[in-house]
Amino acid sequence: MVDIFRHSLRLYADPSRVVVRPFHLAWGGNGGHRTERLVREVLEMDSAQTRAELETVLKDFEARHWQTRRVFMTRYDEIEEMLGLDGSEIGDEKRQLIGAYFCHEYSYAAAALMNPSAVPHFDQSGMPKGSMRILMSLRAVGEGHISSVAFREGIITSKNEMKLAPEPPFATATDAVGMDEEEIPEGPITVYRHRDSTLSGTVIFPITAAQSKGLEDLRLVHFTHDDGSVEWLGTYTAYNGSKIQSELMRTRDFRAFDLVPMTGAASRNKGMGLFPRKVNGQYMMIGRQDGENLFLIKSDTLTNWDEGEKLLEPHYPWELVQIGNCGPPIELDEGWLLLTHGVGAMRKYSIGAVLLDKDDPSKVLGRTSQPILAAADQDREGYVPNVVYSCGAIRHGNTLFVPYGVADSSVAFAFIPIRELLAGMTR
């Protein structure tokens, strides 16, 4: 039996976490007319009415958001370009008010906070021995059940301690520079964190047509290229309401994020976990191509993934319905440690692990016959009951730090001794 330490900290959905988002009147048909009418109504206000209306808006929202006036002015600039307005003839107050009419407040984590992944933070300066600064991604679900990517920073220690950096009072959304207001972008796109925003206060929202209903389950990995350079990569599911598409997030500084659709037969499936380096000269993924089994997928590029070879089938009662990965493989001296999820009776999700050969990951060296984490007691209730799920863990010394979602409603944290985990595997 593995001696698991469950930390007392929990993260929950929080409707008070809001950002200002663009409010779009459908362009084309009556949308363009409505936009022009709304701007005209503001332009026809006298100075006193403009000031009074703007003061009302600021009284309601300025204390709830970061640089509210700047956000309104930025939104006005987009409307000005769309309608061909001459801003030099429009005062600041009218421009701010116009911007406010084309914004709305969005609670990005009101419904759920779940399915975290974790990687070593890009800044390890000042860390005492035995401590590591970490960076986590989280799936935040808001109005309309639309998923976005949020981040948290923190520190873990060799004594199973953890502390998260406080969230800033204001959250900000990433921006796509130069995006045409009238068109929903397709294909690769780059979004940027605001220069004054912390990572713990940054949210990446869906932006392309393929992502329109959600960015789901980002699996982050600290990737080392052949030349020794490092990059943070993350596979996630883009969802448009009817179809799914696996995509790749790429960043070297967590300031600019490339969101890149992947191609190939395997990219039509969810839950792809990327190895943190090439193996035998090839990129490798763990994925689930048939909704039931785990596959090892190989590629010569990071963005094209075709069919793979079957790696693992459901075997034990707790995983008989289906199995999948719970994040990217983790490199150990003994091999590649892969967290898995299994679905059993009553659609109960549990987390297990397998060990793959270091030189030939198609060889399974061992697997856990019993779950290492399972929905039980306080972990049962929530938006989707009887589910525990992770999108990625970290090795810290001899311990595995596992952030995991509970019932698609909250996030919990566990520390697992790696030696005990390996010793408990069946061969």
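The values are calculated or read from the model by the stated rules, or taken from the named source; none is laboratory data. Predicted model only: the values in this text are computed from it and were never measured. Cβ placement follows ideal geometry from the backbone for every residue including glycine, while neighbour counts extend to all protein chains displayed. Remember, those area values only see protein heavy atoms, side chains included, never the ligands or the DNA or RNA. Shrake-Rupley method; radii C 1.70, N 1.55, O 1.52, S 1.80 Å.
Observations
- Of all the listed residues (Leu373, Leu355, Leu338, Leu421), the sole one being in contact with a helix residue (DSSP H, G or I) (Cβ under 8 Å, 6 or more places away or on another chain) and of a type in the set (A, V, I, L, M) is Leu355.
- Of the strands (runs of 3 or more DSSP E) lying entirely inside segment 304-423, the ones with 2 or more residues being at negative phi, open to solvent by less than 10 Å² (accessible area, probe 1.4 Å) and in contact (Cβ under 8 Å) with a residue 60 or more places away in the chain are found at 336-343, 349-356, 399-406, 410-417.
- Restricting attention to segment 129-146, the residues that are more than 14 Å from Gly397 (Cα to Cα), outside any strand (DSSP E or B) and either modelled with pLDDT of 95 or more or open to solvent by less than 30 Å² (accessible area, probe 1.4 Å) (or both) total 1.
- Any pair with Cβ under 7 angstrom, 6 or more apart, that starts in segment 150-167 at a residue that is without any contact (Cβ under 8 Å) to a residue 24 or more places away in the chain and over 16 Å from Asp14 (Cβ atoms) and ends at one that is part of a loop (DSSP other than H, G, I, E, B) and open to solvent by 30 Å² or more (accessible area, probe 1.4 Å): Gly154/Ala165
- Condition met for Thr172 (open to solvent by less than 30 Å² (accessible area, probe 1.4 Å), over 28 Å from Leu339 (Cα atoms) and touching a His at 6+ places or on another chain (Cβ under 7 Å)): yes
- Each residue in segment 176-192 was checked for being at pLDDT 80 or above and open to solvent by less than 80 Å² (accessible area, probe 1.4 Å), and 5 pass.
- Scanning segment 207-239 for residues that are open to solvent by less than 20 Å² (accessible area, probe 1.4 Å) and farther than 25 Å from Leu164 by Cβ returns Thr208, Gln211, Thr237, Ala238.
- The C-beta contact set for segment 43-64 (first residue closer than 10 Å to Leu97 by Cβ and open to solvent by less than 90 Å² (accessible area, probe 1.4 Å), second residue at pLDDT below 90 and aliphatic (A, V, I, L, M), distance under 6 angstrom, 6+ apart or interchain) is empty.
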